[in-house]
1. Treating only the Cβ atoms of Lys and Arg (+1) and Asp and Glu (-1) as charged, compute the dipole magnitude of segment 1-131 about its Cα centre; round to the nearest 20 debye.
2. Could you tell me what % of all Cα pairs in segment 95-175 have separations over 17 Å?
3. For the pair residue 310/residue 277, report the inter-label distance in nm, with labels modelled 7 Å from Cα in the Cβ direction.
4. Cα to Cα, under 29 Å, and not fewer than 8 places away if on the same chain: which lysines meet these conditions relative to residue 145?
5. So what is the diffusion coefficient of segment 69-108 in µm² per second by Stokes-Einstein at 25 °C and 0.890 mPa s, using a Kirkwood Rh over Cα pairs?
6. Given an 8 Å cut-off on Cα distances and at least 6 residues of separation, report the relative contact order of segment 1-105 as a percent.
7. What list of ³J(HN,Hα) couplings, whole Hz, do you get for segment 2-9 from phi and the Karplus terms 6.51, -1.76, 1.60, once you set θ to phi - 60° and write x for glycine and proline?
8. State to the nearest 20 debye the size of the charge dipole of segment 231-336 about its Cα centre, where the only charges are +1 on K and R beta carbons and -1 on D and E beta carbons.
Amino acid sequence: DIVEGRGVLTGQPHEVKDEASGKVYTAKDIILAPGSIPFVPPGVTVDEKTVYTSDGALELNSVPEWVAIIGSGYIGLEFSDVYTALGSEVTFIEALPNIMPTFDREIAKMAERLLIRDRPIDYRTGVFASEVTPGIPGVKPVTIKMIDANTKEHVETLEVDAAMVATGRVPNTKDMGLENMGIEAQRGFIAVNEKMQVLTKHEDGEVVHHVYCIGDANGKMMLAHAASAQGISAIENICGREHVVNHDAIPAACFTHPEIAMVGPTEEQAIERAAKEGWTLGKSQGNFRANSKALAELEGNGIAKVLYNKDTGKVVAVHIIGIHAADLIQECANAVAAGTTVQELSMMVHTHPTLCEVLDEAFKGAVGMSAH
């Protein structure tokens with residue numbers, strides 16, 4: 001059965017109440033999958049017309065001439081790609097010291113050159129948008145007051161045609177009755193174990209039997225395909241077939257032109273992990289400029305970077321920026337999931353001429369067999 005409404009935990013095992021009708025439904029197991037909503041920082045007033053989240057950005061009646069994008073993560077970067085293609089000028093406002101702070105630093109630097117420097121985009125880093133006031137299209141601009149992220153002193157006021165709030169997303173877990181079941185959320189996130197079973201709290205929490213949580217609400221990896229994998233895993237565990245999702249093997253992609261894709265930790269994170277766990281990190285790179293199909297497509301910019309454990313040969317992470325990076329990353333995610341070594345990958349034959357030969361070059365380079 002499908003019941004349209006908002007479910008609330010009653011506090012009794014196996015029960016969910018429809019908030020609107022008050023009717024209580026019973027089930028052997030309950031999966032919480034409320035997803036997430038855009039995060040709007042304090043001081044930002046959203047009207048979804050001139051100041052809007054990623055939801056409102058999809059329903060604009062016109063293309064603004066100058067857009068300020070608050071936040072420079074996946075969502076902000078993708079929308080900057082769209083806006084500049086449609087003729088807008090874009091200004092990023094980023095609170096952290098670097099643009100694209102969550103990306104691998106080498107990839108971020110190349111992305112800055114390919115996706116920002118040659119386009120009508122500028123940015124401010126190390127500043128908060130402390131106050132954002134909506135405008136009136138064609139009449140009054142949007143006003144953005146910025147303060148220094150460290151000193152909190154006012155540094156600049158921008159007047160733009162529109163502002164997009166791309167400061168991430170937060171769990172949609174409010175008013176779900178979590179407290180009725182003794183579940184303590186942390187910033188809205190619900191703690192789960194590796195089987196997706198809900199825990200009473202993040203530190204030393206106890207299992208809430210027959211209650212699972214998947215997707216953005218548990219905060220493990222806020223991606224649609226990660227949520228699907230977690231949902232499948234939860235069902236497997238409910239059915240008695242023990243399963244654990246390997247989040248290190250789940251790929252992610254940023255759909256810009258060219259695309260960015262990755263699986264596993266950034267190089268900076270991998271260096272820390274190697275030092276902590278006592279193994280040696282290896283690095284190898286393939287270049288799109290040495291790939292015949294990329295050149296034929298006039299898309300010779302970009303790299304594929306493979307990070308691997310030198311002691312075991314296993315692939316730890318791969319980061320790609322270049323044409324169809326989002327498609328190319330799957331081979332790498334499969335390698336991470338299967339524990340395939342660079343020695344094994346270097347001997348696997350890739351079709352010529354195809355873009356995946358960029359990866360072939362990187363795999364071969366890891367074992368001293370570079371051909372290009």
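1. Taking the Cα centre of segment 1-131 as origin, the dipole is about 300 debye.
2. 61
3. 1.6
4. 49, 109
5. Working: Rh = 10.6 Å.
Roughly 232 µm²/s, to the nearest whole number.
6. Details: 95 pairs, mean separation 15.6, N = 105.
Relative contact order, segment 1-105: 15 percent.
7. Karplus-based 3J(HN,Hα) across segment 2-9 equals 10, 10, 7, x, 10, x, 10, 6 Hz.
8. Numbers: 9 positive and 13 negative charges, 54 e Å.
Here the size comes out at about 260 debye.
No value in this document is a laboratory result; all are computed from the given coordinates. Note that this is a predicted model, so its numbers are computed, not measured. Every residue, glycine among them, receives a Cβ derived from its backbone with ideal geometry; neighbour counts consider all protein chains shown.
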